[in-house]
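The values are calculated or read from the model by the stated rules, or taken from the named source; none is laboratory data. The structure displayed is predicted, hence computed values, not measured ones. Heads up, the Cβs are rebuilt from the backbone with ideal geometry, glycines too, and the neighbour counts pull from every protein chain shown. For the accessible areas, the whole protein counts, side chains as well, though only heavy atoms, and no ligand, DNA or RNA atoms are used. Shrake-Rupley method; radii C 1.70, N 1.55, O 1.52, S 1.80 Å.
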Amino acid sequence: MKICIDPGHGGYDSGAVGNGLKEKDITLKLALKIRDLLKNSCDVILTRDSDNTPWNSGNDLSTRCQIANNAGADYFISIHVNSGGGTGFENYIADTASSSSINLGKIIHDNVAAFYKSKGFADRGLKAGHLWVLRRTNMPATLIENLFIDNPTDAGFLAQENNLNDIAFAIANAVCVAFNLPAPQKPVQTTQPTQAQAHWAQPSFDRLKQLGIVSDNHNLDSNVTWGEVSALLDKTLKILGR
């Protein structure tokens, strides 16, 4: 079994942009993650594995199809991110798709849609489209639109590396279900260490410690008695010579 993964756009072609993100970057990240998840289940080829535009015969879309066709791929998946003011997930098969392509597209769609719905995103459906990479590939194919880059909520989800890991796993797992392949191993999620936020009065507290007015025994968030306030003010007045 050989799967061809096509990260949409690349190089001079950024694809859709929005909320500080570029489609070409997200599609490449997802494709590389999917490749790594599937490498123990099937053979995987990519139409690009870096920030470049596949180019062979004056048409990058034609080149992408040639790569898949020449490799004898059994299935073709083009990874994209949507734009245009909507929200949610959808994927496409060719408007001339064979019954095999339709059935496989539906399995891929249903499995990936279940993931997105679990995260609160809309399932926009499996659609038929007159798309070059779906019509010019010799094997069943689908094109996946992963959320909307110009929607702040969708883009915020796409900006998180752990979410990209989850999307990649959902797609890789859908492929394994569709072709009865060994399931991929879910990647371990990473967490970024968070720095404790400094207290708003910390600079003033440090200054008072330098002057000997307060000590390490004092706590910025503790309740203070009038006796303690009187003692602190008395120390301050003595420093001022009063």
In vacuo Debye sum over C-alpha of the chain, base-10 log of normalised intensity I(q)/I(0) at q = 0.11, 0.12 Å⁻¹, listed in q order, is -0.59, -0.66
Descending accessible area (1.4 Å probe), largest on the left, turns PHE76, PHE179 into PHE179, PHE76
Per-residue ellipticity at 222 nm attributable to helices in the chain (runs of n ≥ 4 DSSP H, -39500 (n - 2.57) apiece, nearest 500 deg cm²/dmol) works out to -13000 deg cm²/dmol
Packing-ranked peptide list from 123-129, 92-98, highest mean Cβ count within 10 angstrom first, is 92-98, 123-129
Per its Cα gyration tensor (rounded if a/c is under 1.5, else prolate when a/b beats b/c, else oblate), the stretch 121-163 is best filed as prolate
A 1.4 Å probe over the protein heavy atoms gives the chain a carbon and sulfur accessible-area percentage of 50
Helix 60-71: inclination vs the chain longest Cα principal axis, degrees, rounded to 10, gives 70
Helix 161-179: inclination vs the chain longest Cα principal axis, degrees, rounded to 10, gives 30
Largest fluctuation, ASN173, ASN82, ASN40 only, Gaussian network model of the chain with Cα springs under 10 angstrom, belongs to ASN40
The helix 99-118 Cα axis meets the longest alpha-carbon principal axis of the chain at an angle in degrees, between 0 and 90 and rounded to 10, of 10
Hull volume per residue for the stretch 8-68, using the convex hull of the C-alpha atoms, in Å³ is 78
With Cα springs under 10 Å, the Gaussian network model of the chain assigns the largest mean-square fluctuation among VAL44, VAL224, VAL133 to VAL224
GNM on the chain, Cα springs under 10 Å; top mean-square fluctuation among ASP206, ASP60, ASP49 goes to ASP206
Given a 1.4 Å probe, the accessible area of the stretch 1-112 per residue, as a whole number of Å², is 41
Extension length gain for ASN70 and THR225 (0.36 nm per residue less Cα distance), in nm, is 47.7 nm
Sorting ARG207, ARG135 on solvent-accessible surface, 1.4 Å probe, most exposed first, gives ARG207, ARG135
